[in-house]
Amino acid sequence: MIPSTVLVVEDERIIALCIETQLKELGYVVAGSVATGEDAVRKALELRPDVILMDINLGAGIDGVEAAGLIRKQLDVPIVFLTANSDGPTLQRAKLTDPFGYVLKPYEDNDLRTAIEIGLYRHQMEWRLRENEQWLAATLGSIGDGVIATDARGRVRFLNGLAEHLTGWSQTDALGKPVHEVFQIVEEKSRRPVPNPVLEALAKGTPAKLPLDTVLIDRGGAERSIDDSASPIRDVTGTVSGAVLVFRDVTERKQLEGHLRQAQKMEAIGRLAGGIAHDFNNIMTVITGFSELLLADGVLSEPMRPAERMESLRNIHDAGMRAAALTQQIMAFSRKQVLVPCVLNLNAIFRDIGVMIKRLIGADIEFVTDLAPDLGHVKADPTQIGQVILNLAANARDAMPKGGRLVVTTRNTELDEATAHRHLDVEPGWYAMLSVRDTGFGMSDEVLAHVFDPFFTTKGVGEGTGLGLATVYGIIKQSRGHVEVSSSVGNGSTFRVYLPLVVEPATPPTTREQRLSAKGHETILLVEDEETVRLMTRMMLERSGYKVLEAPDGLEAVAVAEKHWPPIHLLITDLVMPHLSGREVAERLTALKRGLRVLFMSGYTEDTIVQQGVESAGIDFLHKPFSLSALTGKVREILDRP
């Protein structure tokens, strides 16, 4: 082991020689001996000893304290003071130079050795600590994430370079600041402050993550999307002594994800356009073909017989219904259709269409039901939920061409936090579950990945549109529910639909017979800018006994209402019109005509009232296209209210 070298600084020559002798006897190497502070600084830089023994009180020139200060600014060497003066002011001055020990004169050999060894050890430990800190800082500075460390009270102790860049705070300015001041985060859309994960990790003693769509606002006000996590730091006793926050800028990643979603959306739109074109071309061929036959009936040499005329009209009507159904399916999977929700029981819906399901699946498939008698109520559009059940049954039938077994089950079930974590659009709670299970040929993982995509189908050309399961998905999601499927090749498939339970009583249904028999005598003002739609609607209303006033736009509707002195009982208006919108017409006329009731209609799903939802907006709404029974039933329902 190489002995340590010592520089002796002592102005009394005899004492200096005694110190040199003692050091040699103790096994040290005396690098040199000087008597003044100035020589001490020069020799220290020249010889670079392992340790310096410095008398505080030197002769002429600077004293030991000043000399030690100058040396420490230029050289990392431990200094041990020798002094016979232990008064408070002198020791206080000496402390400013960060000495590594004191030896009070007179002293024993052991006192000298102890002071030197402690100074050398402490210096070595401090050097290792600085080296570790530099290594840690270099490591943290080289990683691709921002890092902020705090103490147990959430005050900043460290920022790496990337954290400085992302937050806009330098480490010097941030030290000691509360972490929420340096790391300011908000929710992207609502702009509400987001709970700081560092404080959560400190409070709970467990790791914490940021919610999605979190934005970091830097010191200059600039914003960037981030993702992060915080973990507590524990000391040797297990006590939380601080926390470390690791975060990254995900703005570019989110942009790339947005581009990917857009590309996928465009691919789906292309598939959608092809499917729509195919189906609507067939439908329009039927409508235009039979319409031309009817129009030509009066000039053809062989006029069409009544039965043929009725058959042509029936085909035109059926084609129109197919077109309307296709439109509803498109809006269902895009979640743009207008729902008219009511409180219902899935068992009741199923019982209403049970006969249709048996007819749909055929005699080769065994039909089994297991309906929970205590099934709770849900809030949904009964027509659309019926469509969901029929679509799932049709999908099961197609999976069992040679027959099989179809099992429909209903249960009350709870979706827990684990399920909500796997499916971000699911809220934990109690749901009514409808399960449709078949024993068909099942699906591969590749097919499962696309099973709810619009116009995705494994059937041959002309055998299916690929809209059925996309419609199911859209209806359930728009009804705040959840749908999932499990399947494997050769083992059948199980679709599970979940709708949140409500505690309200079920809404009494209106039968088709009641809607068809809905007639009246009241006066109705009809406002519709599309002439053929206005003509058709007027004919439907007059056929049911109503007196109809009509207007092609909002301004004329106001003029008609001002001139008409008998009461107008109901305003039926399209929402989207030139000059005045349907809402503006309704506002003016309800102020003009006390007690006037309003029915809005539209085929355009982007209007604010439609987007709010019929129930939440507190309005009466009829979606185009509508049938005679739907129109007259809704009119009668509104007029008969107390």
Quick check, is VAL355 modelled with pLDDT of 85 or more and assigned by TED's automatic domain parsing to the domain that holds VAL497? no
Only listed residue being touching a Lys or Arg at 6+ places or on another chain (Cβ under 7 Å), at pLDDT below 85 and in the same structural domain as LEU166 (by TED's automatic domain parsing), chosen from SER190, SER241, SER229: SER229
Evaluate the range 9-20: report whether one residue or more is hydrophobic (A, V, I, L, M, F, W, C), closer than 18 Å to ARG72 by Cβ and assigned by TED's automatic domain parsing to the domain that holds PRO78. yes
From the residues in the range 571-584 that are within 18 Å of GLU531 (Cβ to Cβ) and buried (at least 20 other Cβ atoms within 10 Å of the Cβ), which one is nearest to the chain's Cα centre (by Cα)? LEU575
Take the residues in the range 436-465 that are farther than 23 Å from ILE357 by Cα and among the β-branched types (Val, Ile, Thr); name whichever of them is modelled with the lowest pLDDT. VAL461
Search result, residues across the range 621-642 that are at pLDDT 85 or above, of a type outside the set (A, V, I, L, M, F, W, C) and within 24 Å of ASP529 (Cα to Cα): THR632, GLY633, LYS634, ARG636
Exactly one of these conditions fails for GLU427: (1) surrounded by 15 or more Cβ atoms within 10 Å (Cβ to Cβ); (2) under 23 Å from GLN478 (Cβ atoms). Give me its number. (1)
Go through the range 520-570 and give me each residue that's over 19 Å from ALA591 (Cα atoms), exposed (fewer than 14 other Cβ atoms within 10 Å of the Cβ) and small (Gly, Ala, Ser). GLY545
In the range 200-217, residue nearest to the chain's Cα centre (by Cα) [restricted to those that are crowded, with 17+ Cβ neighbours inside 10 Å and in contact (Cβ under 8 Å) with a residue 40 or more places away in the chain]: LEU216
Of the residues in the range 112-133 that are surrounded by 13 or more Cβ atoms within 10 Å (Cβ to Cβ) and without any contact (Cβ under 8 Å) to a residue 24 or more places away in the chain, the one that is nearest to the chain's Cα centre (by Cα) is GLU126
Considering only the range 21-56, state which residues are assigned to a helix (DSSP H, G or I) and either touching a residue at least 60 places away in the same chain (Cβ under 8 Å) or not assigned by TED's automatic domain parsing to the domain that holds LYS73 (or both). GLN22, LEU23, GLU25
Within the range 180-199, the count of residues that are surrounded by fewer than 17 Cβ atoms within 10 Å (Cβ to Cβ) and outside any loop (DSSP other than H, G, I, E, B) comes to 5
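The values are calculated or read from the model by the stated rules, or taken from the named source; none is laboratory data. None of these values were measured; they are calculated from a predicted model. Here the Cβ is made from the backbone with ideal geometry for all residues, glycine too, and neighbour counts use every protein chain on show.
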